[in-house]
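Okay, so here's the structure we're looking at.
The values are calculated or read from the model by the stated rules, or taken from the named source; none is laboratory data. Keep in mind that this is a model prediction, so the values were computed, not measured. A quick note on method: Cβ atoms are made from the backbone with ideal geometry, for glycine too, and the neighbour counts reach across all protein chains shown. Please note that ligands, DNA and RNA were not included when accessible areas were found on the heavy atoms of the full protein model with its side chains. Shrake-Rupley method; radii C 1.70, N 1.55, O 1.52, S 1.80 Å.
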Amino acid sequence: MTAAGRAMAEAAEKESGYNEESTDESEEDESEEEPKLKYERLSNGVTEILQKDAASCMTVHEKFLALGTHYGKVYLLDVQGNITQKFDVSPVKINQISLDESGEHMGVCSEDGKVQVFGLYSAEEFHEMFDCPIKIVAVHPHFVRSHFKQFVTGGKKLLLYERGWMNRWKPSVLHEGEGNIRNIKWRGHLIAWANNMGVKILDMISKQRITNVPRDDISLRPDMYPCSLCWKDNLTLIIGWGNSVKICSVKERHASEMRDLPNRYVEIEYSEGESLFYIISPRDVVVAKERDQDDHIDWLLEKKKYEEALMAAEISQKTIKKHKILDIGLAYINHLVEKGEYDLAARKCQKILGKNTELWEFEVYKFKEIGQLKAISRYLPRRDPILKPLIYEMVLHEFLESDYEGFATLIKEWPGDLYNNTIIVQAVVDHLKKDPQNRTLLRTLAELYTYDQRYGRALEIYLTLRHKDVFQLIHKHNLFSSIRDKIVLLMDFDSEKAVDMLLDNEDKISIDRVVEELENRPELQHVYLHKLFKRDHHKGQRYHEKQISLYAEYDRPNLLPFLRDSTHCPLEKALEICQQRNFVEETVYLLSRMGNSRSALKMIMEELQDVDKAIEFAKEQDDGELWEDLILYSIDKPPFITGLLNNIGTHVDPILLIHRIKEGMEIPNLRDSLVKILQDYNLQILLREGCKKILVADSLSLLKKMHRTQMKGVLVDEENICESCLSPILPSDASKSFNVVVFHCRHMFHKECLPVSNTVSSVQFCNICSAKHRGPGSTILEMKK
């Protein structure tokens, strides 16, 4: 047993009397909380002892147990409870037993004030009598060594006894003045004790007290709720007091932090649980062991917490020995069914039954018996595993009899190979005889026909129902040959999707066939041809003349864009239709396109009376005669004059217009128009000057660059040739005289190979560059020798 286990044993011993007073109500509350341990009564010699005597204290060593009694006896027991040694220590109650780490020396204090320390396997012994009962004693952990013969007792004072000269025991006071000392534990060089104020720890090397852990709840009486202490290891102290447990860790203080402080300090952390505990009462000793996962699952099943039990089994499936995950799961399903939670039970089947087809089929029949096939339908496996077709057919028939929508959902979700499709189709047909217009059944029958690859029948139903899946069905199964005579139906259902589909599959249903089918529905014919034209301006060119009338009738906003983009539209026919319908903008465009710009401009001015549009038209045509016509038409109309003054400044000299204005004519906003003309003129002047400056600067920069380039030397060596005679430019004999001309373009000639210039100027130019219109390259160097 570990140190924490000993502390738990002592705490249980001291508080066992109080726990017996708990009420039935608290026992019922606690029954819902899972016990932390499982219990086993320590028997054999212990049973014999407690028949005649009563246990008063117990200490646990890793080799044995030491049990003290009310009649002053101390028994050494093995872990099974067999008596190995017996000591008659006192005629009265043994209050505490302390063992050193070796298990060779024992300290005992009793109710008559007697304290004894003696060797279990030697004659060494010390005893001291006090004038009051001694409740606490602790021997040095290494008492077996000669220089560590020390022990401490508690009462009003904390006394240290040391064996000194001539084997005499010398007492010294370590602490006093804070009430009774009720517990002491010694580990290594550290002594911990508890009094009415709290818990202290003393470092026996430095003789300094390193901490004071105050009592949390001062309302609890220390005599009724005593403190339990236990050293988990040499530096970790566990304090149990009332309803709190603290884990105190002793640490070394950094040298820079010491000053006048002890070289050690205490922090409060966390400790893992223990696995073995001994609990004693006057008439019983019980061994408490940590519960394993099988015990945990047993308790969960007993409390009908199947979900948690299943989870626990899955987590610990490699360690549990008593339980199987499948058994727990089946019990869980049965429990849910008994409670009437059919949907949850069915959902759990997926996880619990897994791929076991036999169990699945068994559960389906069980759900059928209780009339809950619908509950399990959503969770039936559809792939790996697949159940017998009869199972799925049984579920489908259940829905078909009572829930058409549910039946349709299953048909949509389940793969068609789970059941015999012919059987289900016949069942649906039989139901349609009773209700032939039921859209749900018709839609489901179409899906069944699709699974059965009877696409023609499915398509007929979808078109009758105007179902959105009709296009998907056509695409998926390439049913274009079946819809050649159903184009109007498709267009009526969804013209946009129908047109997209037809245009995407021109190779399967030609443009001519579609136009022919839509001959009696010109509005649909227009939708189709319009989208065809948007995709490709040339594919439907033979129908462009027809489209003029269709646009004019059904879609005038797109007529003008069509006329502009089409290169196959007969302009005379278009003009005739537009003039008949008095479509001015379209007529203006057509007149302009046919070269009759003056008539177009006249129509803008007379029909539209829109000076801005007239000016814009004149700008587009960029024809002086049009501007003249525009000025003549506007000269007696002041609003038109204003518009012209504001817009023609960059195209026509405004003076021509101003000179023609009749004297005394009142023109709206004339001043603003004249100011704008002047501003436009100034802006033009500024732009020209700016451009001139940029041109001059660029020309100068390029001239300088050319000059720098032409001033550079040109390498002439044996590899260069005369561009005229193609001989090496330099003679092979360096002693011979030569005369070479090198141009800036890097072409080289023998002087005698150059043609004689006919010009008066002495500047020569490269014949090659001049012939290729690259700009004549003037001579840069003439070499003579």
> Across the range 581-596, in residue order, what do the Karplus-derived ³J(HN,Hα) couplings come to in whole Hz, using 6.51 cos²θ - 1.76 cosθ + 1.60 with θ = phi - 60° and x for Gly and Pro?
Replying inline: 8, 6, 8, 5, 4, 5, 5, 4, 4, 5, 4, 5, 5, 7, x, 9
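Assuming R0 = 51 Å, can you tell me the calculated FRET efficiency for the pair SER206 and SER281, based on Cβ-Cβ distance, to the nearest 0.05?
Working: r = 41 Å, r/R0 = 0.81.
Given R0 = 51 Å and the Cβ-Cβ separation, E is 0.80.
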>> Please list 3J(HN,Hα) in residue order for the range 87-98, calculated via the Karplus relation 6.51 cos²θ - 1.76 cosθ + 1.60 where θ = phi - 60°; whole Hz, with x for glycine and proline.
In response: 10, 8, 8, 7, x, 10, 4, 7, 8, 7, 10, 10
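Roll a 1.4 Å probe over the protein chains and send me the accessible area per residue for the chain in Å².
Details: 43750 Å² over 785 residues.
Per-residue accessible area for the chain comes out at 56 Å².
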> Of ALA614, VAL395, SER122, which is farthest on the positive side of the dipole of the chain, counting Cα position, with +1 on Lys and Arg Cβ, -1 on Asp and Glu Cβ, and the Cα centre as origin?
Replying inline: SER122
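What's the FRET efficiency of ARG382 with ASN243 using the Cβ-Cβ distance as r and R₀ = 41 Å, to the nearest 0.05? Can you show the working numbers first?
Details: r = 56 Å, r/R0 = 1.36.
Result of the calculation: an efficiency of 0.15.
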>> Could you tell me the center-to-center distance, by alpha carbons, between the range 208-235 and the range 40-108 in angstrom?
In response: 25 Å
>> Compute the distance from the alpha-carbon center of the range 119-189 to that of the range 439-511, in whole Å.
In response: 102 Å
> Given H placed on each backbone N at 1.01 Å, which residues far from HIS175 in sequence or on other chains put an amide H within less than 5 Å of it?
Replying inline: LEU158
>> Please report the spacing between the Cα centers of the range 276-347 and the range 556-606 in Å, no decimals.
In response: 90 Å
>> Quick check: pseudo-label points 7 Å beyond the Cα along Cα→Cβ at SER737 and LEU465, how many nm apart are they?
In response: 11.0 nm
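Of the heavy-atom accessible surface of the chain (probe 1.4 angstrom), what whole percent is carbon and sulfur? All intermediate terms of the calculation are to be shown ahead of the outcome.
On the way: 21820 of 43750 Å².
Within the chain, the accessible surface is 50 percent carbon and sulfur.
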> Could you give the alpha-carbon Rg of the range 43-290 over 2.2 N^0.38 Å, rounded to two decimals?
Replying inline: 1.02
> Over 28 Å between Cα atoms, which of LYS476/LYS534; LYS251/LYS289; LYS52/LYS322 qualify?
Replying inline: LYS251/LYS289; LYS52/LYS322
>> Using only Cα atoms and rounding to the nearest 10 degrees, what angle (0 to 90) does helix 571-580 make with the longest principal axis of the chain?
In response: 80 degrees
>> If amide hydrogens are placed 1.01 Å from N in the peptide plane, which non-local residues have theirs closer than 5 Å to the one on TRP169?
In response: GLY164
> What is the P(r) of the chain, as percent of Cα-Cα pairs per 10 Å bin from 0?
Replying inline: 2, 8, 9, 8, 6, 7, 7, 7, 8, 9, 9, 8, 6, 3, 1, 0
> Any idea which of ALA331, TRP360, ILE315 is furthest toward the positive side of the dipole for the range 291-387, if Lys and Arg beta-carbons carry +1 and Asp and Glu beta-carbons -1?
Replying inline: TRP360
> Mind listing the phi-derived Karplus ³J(HN,Hα) values for the range 286-299, rounded to whole Hz, using 6.51, -1.76 and 1.60 with θ = phi - 60°, and x for any glycine or proline?
Replying inline: 10, 9, 9, 10, 5, 6, 8, 5, 4, 5, 4, 5, 4, 5
>> Just want the answer: with Cβ charges of +1 for Lys and Arg and -1 for Asp and Glu, which residue in GLY179, GLN350, GLY416 is farthest toward the dipole's positive end in the chain?
In response: GLY179
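Roughly how compact is the range 291-387, stated as its Cα Rg over 2.2 N^0.38 Å to two decimals? Write down the numbers at each step before the final one.
Numbers: Rg = 14.0 Å, N = 97, 2.2 N^0.38 = 12.5 Å.
The reported ratio for this selection is 1.12.
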>> Highest mean first, how do 334-346, 685-697 rank when packing is the count of other Cβ atoms within 10 Å averaged over residues?
In response: 334-346, 685-697
> Tell me, what is the Rg over Rh of the range 714-768, with Rh the Kirkwood radius over Cα pairs?
Replying inline: 0.98
>> Ranking request for peptides 216-226, 354-364: highest mean number of other beta-carbon atoms within 10 Å first, then the rest in descending order.
In response: 354-364, 216-226
> Of LYS433, LYS508, LYS149, which has the most accessible area and how do the rest follow, probe 1.4 Å?
Replying inline: LYS433, LYS508, LYS149
> Using heavy-atom solvent-accessible surface (probe 1.4 Å) with all chains present, what is the largest-first order of GLU607, GLU101?
Replying inline: GLU607, GLU101
>> 5 Å is the cut-off here: which amide hydrogens, built 1.01 Å from N in the peptide plane, fall below it relative to VAL714, excluding neighbours closer than 5 in sequence?
In response: none
